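Report on one structure; see the data block that follows.
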Amino acid sequence: MEEVIIKNKEKYLQENYPFVDIPKLTDKKRCLHCDEIITVGDYKVYRDENNMEFIYCSNAPECNGTLIDWWPVD
Ligand SMILES: [Zn+2]
């Protein structure tokens, strides 16, 4: 997988977030894969062999969690 550098992270998130409830870049989430609290705006984007882009945990590539693994922090 190849990292994609995103210049406008807010715009990218709005255009590519798969659910209606788009988080803010400043929101905190818990990543279920690495069990760390991450800041949404630190997300990374990787492109797979099929040219699909996925929004990953900020700890990628060490963590293979994607945005579906992000849970609310209470
Ligand atoms: Zn993670």
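Values quoted throughout were computed directly from the atomic coordinates according to the rules given, and no laboratory measurement underlies them. A quick note: this is a predicted structure, and the numbers were derived from the prediction, not measured. Note that each Cβ is placed from the backbone with ideal geometry, even for glycine, and that neighbours are counted across all protein chains shown.
Can you tell me which residues in segment 45-74 are more than 10 Å from the ligand (Cβ to nearest atom), under 24 Å from ASN8 (Cβ atoms) and not in a loop (DSSP other than H, G, I, E, B)?
VAL45, TYR46, ARG47, GLU53, PHE54, ILE55, LEU67, ILE68 - these are the residues of segment 45-74 that are more than 10 Å from the ligand (Cβ to nearest atom), under 24 Å from ASN8 (Cβ atoms) and not in a loop (DSSP other than H, G, I, E, B).
Quick check: is even one residue across segment 61-72 at positive phi and of a type in the set (D, E, K, R)?
Within segment 61-72, the first condition is being at positive phi, and the residues that meet it are none.
Taking every residue of segment 61-72 in turn, none turns out to be at positive phi and of a type in the set (D, E, K, R).
Can you go through LYS28, LYS44 and tell me which one is out of contact with any Phe, Trp or Tyr (no Cβ under 7 Å at 6 or more places or on another chain), of a type outside the set (Phe, Trp, Tyr) and touching a residue at least 12 places away in the same chain (Cβ under 8 Å)?
Working: LYS44 fails: out of contact with any Phe, Trp or Tyr (no Cβ under 7 Å at 6 or more places or on another chain).
Answer to the check: LYS28.
Residues of segment 1-40 being exposed (fewer than 15 other Cβ atoms within 10 Å of the Cβ) and assigned to a strand (DSSP E or B), which ones?
Selection gives GLU2, GLU3, VAL4, LYS28, GLU36, ILE37, THR39.
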